[in-house]
Each structure stands twice: as structure tokens, then as C-alpha cells.
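Values in this text are rule-based calculations from the coordinates and carry no lab data. All values derive from a computational prediction rather than experimental measurement. Here the Cβ positions follow ideal geometry from the backbone for every residue, glycine too, while neighbour counts run over all protein chains shown.
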């Protein structure tokens, strides 16, 4: 018989041991980098999973997966000084015990890796197309207030911090100054066609489009969300309501205003199509990007793009990736002939949007808004009323511009938060519409502000306070957006 290649086996065994030793050393270096003086917030352990990822909850009620290797028992932290570099944790059987979670960039990276792993599993099993990714804009919204409409609605201070940059009083007209901007557009979402549908293992909870101003590297405005509708017999086609009136939710408003004073030559509108989903096997929920498109607002010579209907072909991946298709299988199935190529182009996912300049009346209204803001046209009048009340309180009615006394005004304190709660904005729209119907035409201009204040305070403030109630008082139904 032929002798077994003992020498080759021993050599391979030795190479494997060297590789394991090298990987172990790299892991130790990584742990040294991670175990720095960064301490996170207090968490509560809910579930210890066998795979090493534990379900934890912070003080804000946010839940997430924490790697077990990032945690150290709280008793050890109290008894040993060197354990101060780690994150505190206690046993889940202890009643009301808390742990700490990392809030530094390392934890953000771990969380992003976990989400990417989930999407990778879905793409590997064929549950979603290869071009789907975790939603970039959704992650930005989850990180803080920077990209929410409430942040941009607040008045901005000048560099000296002594006056407001975008809120100036016009004593001649007894109102705030109108501020024209470089970008002032009305964007209408018409439809999305040929959007791939996830497989049977993934249940789609909702479909939507998120849009914001983008220059190729940075998000330059708040992120606005529009909910899409579809028919069960044709889930690849998404449609939008061209104009929301009456009791229709503001989330369905396909007409959006876009304002910006940015001087960037590369500024444009980023559209990200997304779905909220639930895995049938694990029950896990999340949000995926189904593709994105970018519409540049100025040509290379600085001329604004014309007002017309645009058919934007969607790209896969994230806006920072290039050459990624939403569904690569479409191109693979296409033949080499010209006719086959043309047919494959017709199967590519597209977004139809209409861009136009606002009318003279709409532009006059938009000029009372902040310089940078994106929102729905259905509640623009409420935003203008808020800005007028803001000007009255901060500029007109102040005893002195140098005064730093606190102002008691429930409307000013609450209204920005309503923009981040579409259901409360709908309640305010409904309350205002009911009030407006009871006013005579001559009385409307005189009583508009007073009716607006009363409607906001009496109808919406209680709901806004309920939104801030402790988690156990809320409805168990999770929010999709």
C-alpha cells in the first residue's frame, strides 16, 4: 500500500497551530483596544442567549443585543479597581438590577456588525435580494435628534450667540421677516415600480421612502418619511397620495417641500426606499433599504435642474457604494442580445418623482420657514403659525433683547416634538380644521392665532404628555416608523 503522507499532515497541522496563535494574538490586541476608559450607561438584562448575545435595555427603554464578552458582573466592579474599565452587569435573577452598556464608537460598530450579519443571513438564504442593506437613514434617525425635523425647526443663533440667525422681526409688517432660500422646491412622489419583493421567510410590515438633502458625503437636512401604499396583487408597485386632505394621515402625503440655503454645488435629494420587516422564524424586526436614488439639483454650471417628471433608476447597497444593483439576478438572466438588454432595463426598479417650483403664494408661505427644512405640504400652515408665535414670544413681546428669563409657553415647548410624532400632528391638523370651520371668513385672520394656541394646548398637549409616559404605560404595539 502507498504510505500515508505523514509529513504533509504534520506540516499542515503546524501551520494551523501558527495561524490559531496569530489569530489569538490579534484578538488579544483588539480586546486591549476595546477595554479602554469608556464607560456606558446603565442597562437591564432581559435574556441570556446561548450564542453569547444578550438582550439588554437602557434607561430610555431601548433594547438591543450586547456581546457577553463586553460585560463584567457588578459585584466584581465594586470589589476590584481594575474592573472599572469594563461594563457593569448583574445576574438576571436579581430583581431590578442594572448593568452598563457601551455608548462609544466600538459599541456602535458592534451593533452595526450585528445588523449586517442579519441582512447577510437573509441574502444568503435568498430571503431578500443581494442589493438590500440595513437602512442608512433609519440608523441616523435612531442615533439622536440631529436629523429630525424638530431639530431644524428650532431657531438658529448667530455665531456671536446674541441674536437669532433665521428669526428676525419686521416691525413694519408686524411679523417675522421672510427669508428666500437658494433651494425652494415642491417634490411629489408619484410611484415606485419593479421593486423586488422579499421571500416567504420575511413578512413586510410597511413600505416607505425617506428623503433628505445630500451632497454625496453628508446629510444636509432633516430626514423626511413618506409612507407608500400597495395592492396585494401587485406588491412590486408602490404608490403615494398626491395630496393629503381631511382625515388622511400626514405620513401618506406625497407632496413635500424642500428648503435649503446650502452653497454646495453637489447638493441634491437622496431618496431611500425602505421596508420594515419581521422574520417569520425568529420574530426579529428591522428595517431594510430596497435601493436608493440621488437627484442633483444643480447642473455643473450652477443652473437649477428643470421642473419636470424624473424617472430615477434605483441603485443597491448604500449611497457610499457604487456599482451595486438592487437585484443582480435581473442582469444575470438577461441575454447578450440588444433586445434582451432592453427588456432587462425595463425590469430595473425605478422611482418616479415630480420636481417643480412652488407657486407665488406657496413661496411666500415657505419663506417664513427655517432656511433648511423638509416636510409635508399638508401641515405647512401649522409650521408658519408656530414660527409666528415663536417670533411674538422671542422678539416682539420681550422686554429686552438681552433678557435671558425663561418663557412659559406650552405651544413653543411642545410643537417641535409633534413633528416627530405623525399621529399627534394629525390630531393637531384635525383639531385646527374643526376650529377653522366654526370661524367666519372675516374672523379667521383675527382669531387664527388664538384658535391655534387653544387647539394645540387643549387637544394635543395631553397626548404629547402621554407619549412621554413610562414604557409600561404604553401600548404593546411596536412602532414601525
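I'd like the FRET efficiency for residue 308 and residue 154, computed as 1/(1 + (r/R0)^6) with the beta carbon distance as r and R0 of 45 Å, rounded to 0.05.
Taking R0 as 45 Å, the efficiency between residue 308 and residue 154 is 0.85.
Find how much the distance from residue 170 to residue 22 grows on full extension, using 0.36 nm per residue of separation minus their present alpha carbon separation; answer in nm with one decimal.
Gain in length upon complete extension: 46.3 nm.
So for the pair residue 438, residue 142, with labels modelled 7 Å out along Cα→Cβ, what separation do we get in nm?
4.3 nm
Please order 255, 434 by the number of other Cβ within 10 Å, starting at the fewest.
434, 255
Using a simple spin-label model with points 7 Å from Cα along the Cα→Cβ vector, what separation in nm is obtained for residue 298 and residue 364?
That separation, rounded to one decimal, is 2.8 nm.
In the range 189-203, which residues have a backbone nitrogen under 11 Å from the label point lying 7 Å from residue 125's Cα in the Cα-to-Cβ direction?
It comes to 199-203, nothing else.
By average Cβ neighbour count within 10 Å, what is the ranking of 55-68, 364-377 from highest down?
Per-residue Cβ counts within 10 Å, averaged per peptide and sorted highest first, yield 364-377, 55-68.
For a quick protection proxy, order the peptides 13-23, 379-389 by their average other-Cβ count within 10 Å, most packed first.
Sorting 13-23, 379-389 by mean packing, highest first, produces 379-389, 13-23.
By how many nm would the segment from residue 278 to residue 14 lengthen if fully extended, with 0.36 nm per residue of separation less the alpha-carbon distance?
90.5 nm
How do 164-172, 266-274, 210-218 rank on mean C-beta neighbours within 10 Å, highest first?
Per-residue mean Cβ counts within 10 Å order the peptides as 266-274, 210-218, 164-172.
Which number comes out as Rg/Rh for the range 105-360 once both Rg and the Kirkwood Rh are worked out on C-alpha atoms?
Expressed as Rg/Rh, it is 1.00.
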